[in-house]
Amino acid sequence: MGDKLVRLSNFVIDTSIFVVLIFIFIEVVPRQVGIDNIKWVSILIYFLYYFILEYFGGQTIGKRITKSKVMNLEAGKEVQLGQILIRTIMRCIPVDILSYLFTNNGFHDRISGTLTIKVLQK
């Protein structure tokens, strides 16, 4: 599978999971949050989904399925907290998704100093 197709697959899988999480959240706690705050809760859930999964395992669910992982651009170094934080914040900028039309890596990779690679099979 080509790099852009893997990235697109990751995006579709992770976005589908995010939408399911939002629907579950809306069903479980609609009165406590209020309909006006759903957009802010959605942003928070989106941020936490990517931040927690990529920081603690280098993979979102989409990346696990496509057997890819976030790595530090500097070979041999672990991905740092700051890199994942920058990467996740950049994802919240709507233009980030369009950056794949012009480059192999999104803005969130280039600015954070990270790279998504295929994980070798054992």
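Out of the residues in the stretch 71-92 that are surrounded by fewer than 13 Cβ atoms within 10 Å (Cβ to Cβ) and not acidic (Asp, Glu), which is nearest to THR15 (Cα to Cα)?
CYS92
Mind listing just one residue for me: the one in the stretch 27-52 that is hydrophobic (A, V, I, L, M, F, W, C), assigned to a helix (DSSP H, G or I) and open to solvent by less than 50 Å² (accessible area, probe 1.4 Å) and, of those, farthest from HIS108 (Cα to Cα)? Please lay out each step first, then the result.
Looking only at the stretch 27-52, we keep the residues that are hydrophobic (A, V, I, L, M, F, W, C), and these are 28-29, 33, 35, 38, 40-41, 43-45, 47-48, 51-52.
Subset that is assigned to a helix (DSSP H, G or I): 28, 33, 35, 38, 40-41, 43-45, 47-48, 51-52.
After this cut, where a residue has to be open to solvent by less than 50 Å² (accessible area, probe 1.4 Å) as well, the list is 33, 38, 41, 45, 47, 51.
Working: VAL33: 30, ILE38: 25, VAL41: 22, ILE45: 18, PHE47: 13, PHE51: 12 Å.
Only one residue tops the list, namely VAL33.
With respect to ILE93, is the statement that it is within 13 Å of the chain's Cα centre (by Cα), assigned to a loop (DSSP other than H, G, I, E, B) and under 17 Å from ASN105 (Cβ atoms) true? Working first, answer last.
On the way: within 13 Å of the chain's Cα centre (by Cα): yes; assigned to a loop (DSSP other than H, G, I, E, B): yes; under 17 Å from ASN105 (Cβ atoms): yes.
Spelling it out, ILE93 is indeed within 13 Å of the chain's Cα centre (by Cα), assigned to a loop (DSSP other than H, G, I, E, B) and under 17 Å from ASN105 (Cβ atoms).
How many residues, within the stretch 93-106, are open to solvent by 60 Å² or more (accessible area, probe 1.4 Å), closer than 15 Å to TYR46 by Cβ and free of Cβ contacts under 8 Å to residues at least 24 places away in the same chain? Let's see the steps before the verdict.
The initial filter retains those residues of the stretch 93-106 that are open to solvent by 60 Å² or more (accessible area, probe 1.4 Å), namely 93-95, 97-98, 101-102, 104.
Going one step further and asking which of them are closer than 15 Å to TYR46 by Cβ, we end up with 93-94, 97.
Those still in the list that are free of Cβ contacts under 8 Å to residues at least 24 places away in the same chain too: 93-94.
Number of matching residues: 2.
The values are calculated or read from the model by the stated rules, or taken from the named source; none is laboratory data. Keep in mind it's a predicted model, so treat the numbers as computed, not measured. For neighbour counting, all protein chains shown are included, and Cβ atoms are generated from backbone atoms with ideal geometry for every residue, glycine included. Please note that ligands, DNA and RNA were not included when accessible areas were found on the heavy atoms of the full protein model with its side chains. Shrake-Rupley method; radii C 1.70, N 1.55, O 1.52, S 1.80 Å.
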